[in-house]
Amino acid sequence: MKFLCVECDRQMQFEERQLPGDGTLAAAFRCPTCGRVVALLTNPMETQLVASLGVKIGGSTITPQPLETVRGMVTTGRADAFTDDGKRETGNVPAWSPEAQERLARVPNFVRGMVKRIYLDYARDRGIAEITPAVMDTARTELGLEGM
Amino acid sequence: MSLNIRTYRDLTEPDRSGLVDQIVAQRRRVADRLATVGRVVAVLSGKGGVGKSFVTAGLARALARSGRAAGVLDADFNGPTAPQLLHLPVASCTSHGDVIEPLVSAEGVRCFSMAFLVEDGRPLAFRGPETESFVWRGALEAAALREFLADVAWGALDELLVDLPPGVQRFQELTELLPAPPTVLAVTIPTVESRDAVRRALRAAMDQKATLLGVVENMVGGPFAGSAADELAAEFAVPVLARIPWHPTPDTWAALAGRLG
């Protein structure tokens, strides 16, 4: 999937992604020559098809988690399917605000460990000291974490 | 006025999405993970109820008892039975960094199965639009197969047996994900109906350039009459590797393991 600014005859570049939370997706692309922006809008079926391939429009800036698609998409997962990641935290570990902890606690146990790891990696990569609901919202949009 | 629009392949500038690059990276991850696996063996029949999972488990256990490193990837996501057949209790899976550890049976068979992940008695269900789910469900199951191959710490194995569900779709997905076509072990029961279904599956395997190891005839000596294994073996120029009776002994499986080559 690529976008061409016909007037400038230039390939448009991915700009940003938005997930309204209703299964749809918006991805903006900008022409590097004239600056015109167009938005790709997908319906839930189209969003799902892309997600089913295990790829993200706009890419991802953090390393994929093991079984990321399965853990992110299965709704009948066992609560005790996974133990906490055995990887030891080193260096500066971002803290969780009470509000963020509360929000994390509402994530189904099947996928919670992976979601926690994704937010930690995101915060650490950006030098964020404390994970708050606002950080989680930003990460969710930037990383394309539909339903997380 | 007709616009002069460049086409997809004309546009070669790097893009942050890099969807093709993401797919290539997925395939590379599968290849890297399986670099320490001697051989991937797809246990195939194209027919339900012939005992693929039973044969897979019996063979894996015999391989392990003979000192060979064996793994079982249970690719029957909607009816996973490998853990029970390997006498593996369902337990939590541990992740280390970018991998998930398989569970290991008392005999040393490394196994990963959807049974470890999905609640007892519940179907495998996915988040997504409820209508027209057939459009995306197959793609999600293929993604699950890719992740089972790439994200499970299979380690050094002589044989990774892939227990396939009935039909040939999962086999075709497997073949597309692997860096090279898998070897195929066909399982049949003696009947004409099974022979015909397995024949179709083996034709599909040959179309994918898979190497055929041979045929295992299961449920021999019972109520099922016929000579499916002999006929398939003659047709595809492969050996009948074993005839499994209704009540096989460890020696039955050891003989099959010994003939696997």
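The values are calculated or read from the model by the stated rules, or taken from the named source; none is laboratory data. All of these numbers come straight from a predicted model, not from anything done at the bench. Because the Cβ atoms are built from the backbone with ideal geometry, glycine has one as well, and the counts that use them run over all protein chains shown.
Step by step: first the residues of region A:57-76, then only those that are facing chain B (nearest Cβ under 7 Å), in contact with a Lys or Arg (Cβ under 8 Å, 6 or more places away or on another chain) and not in a helix (DSSP H, G or I), then the one that is surrounded by the most Cβ atoms within 10 Å (Cβ to Cβ). Which residue is that?
Among those residues, the one meeting the criterion is A:Val74.
Can you work out which of the residues in region A:4-33 that are within 9 Å of chain B (Cβ to nearest Cβ) and assigned to a loop (DSSP other than H, G, I, E, B) is nearest to the chain's Cα centre (by Cα)?
So the residue we want is A:Gly23.
Can you tell me which residue is farthest from the chain's Cα centre (by Cα) among those in region A:128-148 that are more than 23 Å from B:His96 (Cα to Cα) and in a loop (DSSP other than H, G, I, E, B)?
Across region A:128-148, the extreme among qualifying residues is A:Ala129.
Tally the residues that are modelled with pLDDT under 85 and within 37 Å of the chain's Cα centre (by Cα), restricting the search to region B:1-34.
7
Could you please find all residues in region B:13-37 being facing chain A (nearest Cβ under 8 Å) and hydroxyl-bearing (Ser, Thr, Tyr)?
Passing the criteria: only B:Ser17.
Looking at region B:168-190, can you tell me whether even one residue there is facing another protein chain (nearest Cβ under 9 Å), surrounded by fewer than 22 Cβ atoms within 10 Å (Cβ to Cβ) and among the hydroxyl-bearing types (Ser, Thr, Tyr)?
Within region B:168-190, none of the residues are facing another protein chain (nearest Cβ under 9 Å), surrounded by fewer than 22 Cβ atoms within 10 Å (Cβ to Cβ) and among the hydroxyl-bearing types (Ser, Thr, Tyr).
Among the residues of region B:197-223, what is the count of those that are touching a strand residue (DSSP E or B) at 6+ places or on another chain (Cβ under 7 Å), part of a loop (DSSP other than H, G, I, E, B) and surrounded by fewer than 18 Cβ atoms within 10 Å (Cβ to Cβ)?
1
Exactly one condition in (1) within 14 Å of another protein chain (Cβ to nearest Cβ); (2) surrounded by 12 or more Cβ atoms within 10 Å (Cβ to Cβ) is not met by B:Gly51; state its number.
Going through (1) within 14 Å of another protein chain (Cβ to nearest Cβ); (2) surrounded by 12 or more Cβ atoms within 10 Å (Cβ to Cβ) one by one, B:Gly51 breaks only (1).
Have a look at B:Arg28, B:Arg6, B:Arg16, B:Arg61 and point out the one that is in a helix (DSSP H, G or I) and surrounded by fewer than 17 Cβ atoms within 10 Å (Cβ to Cβ).
Details: B:Arg6 fails: in a helix (DSSP H, G or I); B:Arg16 fails: in a helix (DSSP H, G or I); B:Arg61 fails: surrounded by fewer than 17 Cβ atoms within 10 Å (Cβ to Cβ).
Result: B:Arg28 is the single residue among B:Arg28, B:Arg6, B:Arg16, B:Arg61 that is in a helix (DSSP H, G or I) and surrounded by fewer than 17 Cβ atoms within 10 Å (Cβ to Cβ).
Conditions first: (1) β-branched (Val, Ile, Thr); (2) within 14 Å of chain A (Cβ to nearest Cβ); (3) surrounded by fewer than 22 Cβ atoms within 10 Å (Cβ to Cβ). B:Thr81 passes all but one, so which condition is the exception?
Unmet condition: (2).
Do the conditions hold for B:Arg146, that is, is it facing chain A (nearest Cβ under 8 Å) and basic (Lys, Arg)? Reasoning before the result, please.
On the way: facing chain A (nearest Cβ under 8 Å): yes; basic (Lys, Arg): yes.
For B:Arg146, the condition - facing chain A (nearest Cβ under 8 Å) and basic (Lys, Arg) - is met.
Just wondering, is there one or more residues in region A:78-95 that are modelled with pLDDT of 85 or more and part of a helix (DSSP H, G or I)?
Within region A:78-95 (the criterion being modelled with pLDDT of 85 or more and part of a helix (DSSP H, G or I)), the answer is no, since none of the residues qualifies.
Determine which single condition B:Ala156 fails, assuming it passes every other condition in (1) in contact (Cβ under 8 Å) with a residue 60 or more places away in the chain; (2) surrounded by fewer than 18 Cβ atoms within 10 Å (Cβ to Cβ); (3) within 20 Å of B:Thr81 (Cβ to Cβ).
Unmet for B:Ala156, out of (1) in contact (Cβ under 8 Å) with a residue 60 or more places away in the chain; (2) surrounded by fewer than 18 Cβ atoms within 10 Å (Cβ to Cβ); (3) within 20 Å of B:Thr81 (Cβ to Cβ): (3).
Which residues, taken from region B:126-143, are part of a loop (DSSP other than H, G, I, E, B) and more than 7 Å from chain A (Cβ to nearest Cβ)? Talk me through it step by step, then tell me what you get.
Step one: filter region B:126-143 for residues part of a loop (DSSP other than H, G, I, E, B), giving B:127-133.
Answer for region B:126-143, where residues must be part of a loop (DSSP other than H, G, I, E, B) and more than 7 Å from chain A (Cβ to nearest Cβ): B:Glu130, B:Thr131, B:Ser133.
Scan region A:1-20 for residues that are out of contact with any helix residue (DSSP H, G or I) (no Cβ under 9 Å at 6 or more places or on another chain), under 30 Å from B:Leu145 (Cα atoms) and not aromatic (Phe, Trp, Tyr) and jot them down.
The answer is A:Pro20, and nothing else.
Every residue in region B:63-84 that is in contact with a Ser or Thr (Cβ under 7 Å, 6 or more places away or on another chain) and within 20 Å of B:Leu157 (Cα to Cα), please.
Of everything in region B:63-84, those that are in contact with a Ser or Thr (Cβ under 7 Å, 6 or more places away or on another chain) and within 20 Å of B:Leu157 (Cα to Cα) turn out to be B:Val72, B:Asp74, B:Ala82, B:Pro83.
Answer yes or no: is there a residue in region B:86-104 that is buried (at least 23 other Cβ atoms within 10 Å of the Cβ), without any contact (Cβ under 8 Å) to a residue 40 or more places away in the chain, more than 11 Å from chain A (Cβ to nearest Cβ) and within 30 Å of B:Ala233 (Cβ to Cβ).
The answer is yes, given that some residue of region B:86-104 is buried (at least 23 other Cβ atoms within 10 Å of the Cβ), without any contact (Cβ under 8 Å) to a residue 40 or more places away in the chain, more than 11 Å from chain A (Cβ to nearest Cβ) and within 30 Å of B:Ala233 (Cβ to Cβ).
For region A:25-44, how many residues meet the condition of being at pLDDT 90 or above and in contact with a helix residue (DSSP H, G or I) (Cβ under 9 Å, 6 or more places away or on another chain)?
Summing the residues that are at pLDDT 90 or above and in contact with a helix residue (DSSP H, G or I) (Cβ under 9 Å, 6 or more places away or on another chain) in region A:25-44 gives 1.
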